[in-house]
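The structure under discussion appears below in the form of structure tokens.
Only the coordinates and a few stated rules stand behind these numbers; no lab work does. Note that the structure is a prediction, hence the values are computed from the model and not measured. Glycine gets a Cβ as well: all are built from the backbone with ideal geometry, and neighbour counts include every protein chain shown.
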Amino acid sequence: MPDRLNDSYYRSAANAWETQPTLDSGLDCDVVVIGGGFTGLSAALACAEKGLFVILLEAQTIGFGASGRNGGQLIPGLRWSMREIDEEFGRERAKAIFDLAWGAGARVHDRIVKHDIQCDLKSGHLEAAYKPGHFEDMQREAEFLSREFGWDSVEVVAPADIGRHINGGDYHGGLYETKGGHFHPLNYALGLAKAALAAGVLIFENTAAQRQLDRGTYVEIQAGAGSLTANQIIIATDNWTGDIAPELSSYTVPIMNYNIATAPLPDADQLLPSDAAVADSRFVLNYFRLSADKRLIFGGGEKYVQRPPADIAGFVRKHMAEVFPSLARTTIDYAWGGAVGVTMNRLPHMGRKGNVFYAHGFSGHGALVTTVAGELMAEAVVGTMEQFDVFASLPHSRFPGGKWLARPLATLGLLYYAMRDRL
Ligand SMILES: Cc1cc2nc3c(=O)[nH]c(=O)nc-3n(C[C@H](O)[C@H](O)[C@H](O)COP(=O)(O)OP(=O)(O)OC[C@H]3O[C@@H](n4cnc5c(N)ncnc54)[C@H](O)[C@@H]3O)c2cc1C
């Protein structure tokens with residue numbers, strides 16, 4: 001990745017971490033986890049808690065991928081509303097999906113408490129309505145969640161009351177979720193990694209898995225200057241999944257997304273009085289929140305080409321200034337970016353093939369549900385498939401167009417939705 005993608009506020013405010021060695025020998029274990037983001041770390045920790053000997057391989061450093069560079073917005077659920085899920089899958093499956101996806105916040109909270117992870121966790125998330133019609137949809141969703149699923153932590157915020165949460169942006173009301181919130185994502189990843197080490201997981205950093213082979217009764221992995229044998233593999237490499245499992249590559253496309261962190265703001269509490277994380281309701285959304293030291297961390301705009309803008313700060317600043325005109329000329333201390341792994345239908349893609357388990361494509365909604373995905377894969381590894389199958393049975397299609405055309409075709413589709421935002 002170009003260096004200018006990596007200048008994140010999170011790296012500058014990361015908790016201490018002792019770099020782990022690279023793999024340079026042959027080892028045997030029960031489970032190899034490939035990828036040191038939320039998904040892989042959660043899976044490794046949960047497997048170790050079940051008494052398995054686990055080795056985790058990370059090509060770069062812990063949290064290098066989306067997990068260490070995301071907006072830190074904790075939003076219960078998936079990219080689909082519960083009404084859409086209920087209509088598409090029927091009540092019984094919808095209930096099972098609800099329990100896992102809407103329950104993900106509690107699992108992450110449990111992890112943070114259990115392992116004493118210092119990651120600036122704050123509660124409260126606002127989805128801000130960009131259009132009046134979006135607010136009407138939100139009201140219907142809140143009512144449905146409460147009536148059909150007993151989910152009462154969502155509060156409808158009338159347009160006249162939106163100033164309780166945000167002063168800026170001209171929003172038409174919103175939904176305030178008390179079980180949502182925000183955190184420092186890299187420190188959550190590092191906290192999971194420390195917990196995994198304490199549970200006996202061996203972590204190798206700067207060690208890319210180059211090849212994996214399922215021999216039926218065991219698996220082989222070539223990685224770095226070493227090799228591993230294990231009973232099972234968990235692939236948790238999100239946007240890089242195609243490198244290690246080419247047959248999975250066409251289920252996701254990477255969409256580039258950029259973030260900035262301003263200098264600490266003296267009037268931060270006026271901009272976001274309840275300290276909620278905010279995401280607007282557009283398809284290409286703006287999302288923002290305050291850091292522990294009162295910077296505004298703002299994500300906005302997407303790029304459908306891999307190459308980052310020459311001036312990431314300038315690219316995001318114009319979106320921030322639309323919401324908060326008073327910040328048009330404020331100092332930006334950090335600007336960075338990352339790839340969001342997106343599936344065709346925006347639902348995570350999980351599954352199993354022989355001794356290989358995988359989960360990727362959380363479609364910009366992975367800060368909470370990745371922890372669940374990791375734990376479900378750990379359950380599946382020891383033979384408990386019931387909850388794993390709730391996600392693994394979600395329908396998925398490949399992006400059409402093969403290796404060369406998949407991204408341009410997906411881009412056309414995404415541009416169409418982005419254009420609808422402006423109508
Ligand atoms: C800019 C941005 C903002 C986002 N904001 C939010 C948000 O606010 N809220 C939200 O819910 N979601 C958000 N997301 C999405 C969320 O961050 C992801 O869904 C989630 O972090 C995915 O976690 P993961 O562990 O599956 O993948 P990753 O965190 O990407 O981890 C994969 C890891 O695998 C490693 N790897 C790759 N190939 C190999 C290999 N061959 N061998 C070994 N290791 C390998 C990579 O180095 C990487 O560390 C955002 C994403 C981005 C990019």
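Note the angle between two axes, namely the Cα long axis of helix 402-422 and the longest principal axis of the Cα atoms of the chain, as a number of degrees from 0 to 90, rounded to the nearest 10.
Value to nearest ten degrees: 20.
I need 86, 311 ordered by Cβ neighbour count within 10 Å, fewest first.
Lowest count first: 311, 86.
Taking θ as phi - 60°, what are the ³J(HN,Hα) couplings along region 45-58 by the Karplus curve (6.51, -1.76, 1.60), each to the nearest whole Hz, with x for Gly and Pro?
4, 5, 5, 5, 5, 8, x, 8, 8, 10, 10, 10, 10, 10
What fraction of the DSSP beta bridges in the chain is antiparallel, stated in percent and rounded to the nearest 5?
Of all bridge pairs located within the chain, approximately 70 percent are antiparallel.
Please name which of 75, 130, 85 has its Cα lying farthest along the dipole of region 63-140 towards the positive end, using unit charges on Cβ (Lys, Arg +1; Asp, Glu -1) and the Cα centre as origin.
The listed residue farthest towards the positive side: 75.
Using θ = phi - 60° and the Karplus curve 6.51 cos²θ - 1.76 cosθ + 1.60, what whole-Hz ³J(HN,Hα) does each residue of region 116-131 get, with Gly and Pro shown as x?
Those phi angles translate into 6, 7, 8, 9, 6, 5, 10, 9, x, 9, 10, 9, 9, 7, 7, 10 Hz.
Using +1 at the C-beta of Lys and Arg and -1 at the C-beta of Asp and Glu, which of 17, 118, 146 has the Cα lying farthest in the positive direction of the dipole of the chain?
17
Can you sort 217, 330 by how many other beta carbons sit within 10 Å, fewest first?
In order of increasing Cβ crowding within 10 Å: 217, 330.
What is the distance in Å between the Cα centres of region 71-135 and region 339-381?
15 Å
Sequence-distant or interchain residues sharing an amide H contact under 5 Å with residue 166, placed H: which?
Answer set, sorted by chain and number: none.
Working from Cα positions, state the angle (0 to 90°, nearest 10) between the long axis of helix 104-114 and the longest principal axis of the chain.
Approximately 70 degrees, to the nearest ten.
Could you give me the ³J(HN,Hα) list for region 185-202, computed from phi with Karplus coefficients 6.51, -1.76, 1.60 and θ = phi - 60°, whole Hz, x at Gly and Pro?
x, 5, 5, 5, 4, 5, x, 5, 5, 5, 5, 5, 4, 5, 7, x, 6, 8
How large is the helix-only mean residue ellipticity at 222 nm for the chain, computed as the sum of -39500 (n - 2.57) over DSSP H runs with n ≥ 4, divided by its residue count, in deg cm²/dmol to the nearest 500?
Computed ellipticity for the chain at 222 nm equals -10000 deg cm²/dmol.
Rounded to a whole number, what is D in µm²/s for region 138-193 from Stokes-Einstein with the Kirkwood radius over alpha-carbon pairs (4 °C, 1.567 mPa s)?
Translational diffusion coefficient: 97 µm²/s.
Charges only on Cβ, +1 for Lys and Arg, -1 for Asp and Glu: so what's the dipole of the chain about the Cα centre, in debye to the nearest 20?
Dipole size: approximately 900 debye.
Relative to the longest principal Cα axis of the chain, at what angle does helix 369-381 sit, 0 to 90 degrees, rounded to 10?
The two axes meet at around 20 degrees.
Determine, for 17, 102, the number of other Cβ atoms within 10 Å of each Cβ, and report the residues in order from fewest to most.
17, 102
Is there a quick way to get the dipole size of region 329-408? I mean about its Cα centre, with the Cβ of Lys and Arg at +1 and of Asp and Glu at -1; what is the value in debye to the nearest 20?
Here the size comes out at about 520 debye.
Starting from the coordinates of the alpha-carbon atoms of the chain, obtain the Kirkwood hydrodynamic radius over all distinct pairs and give the value in Å to one decimal.
The Cα-based Kirkwood calculation yields 21.8 Å.
Name the long-range amide H neighbours of residue 180: under 5 Å, sequence gap of 5 or more, or other chain; modelled H, no Pro or chain starts.
Under 5 Å from the amide H of residue 180: 124, 125.
So for region 251-341, taking the charge dipole from beta-carbon charges (+1 Lys/Arg, -1 Asp/Glu), which of 277, 261, 338 sits furthest toward the positive end?
Sorting the options by dipole projection puts first 338.
Please report the relative contact order for the chain, taking Cα pairs under 8 Å with a sequence separation of at least 6, and give it as a percent rounded to a whole number.
So the answer I get is 24 percent.
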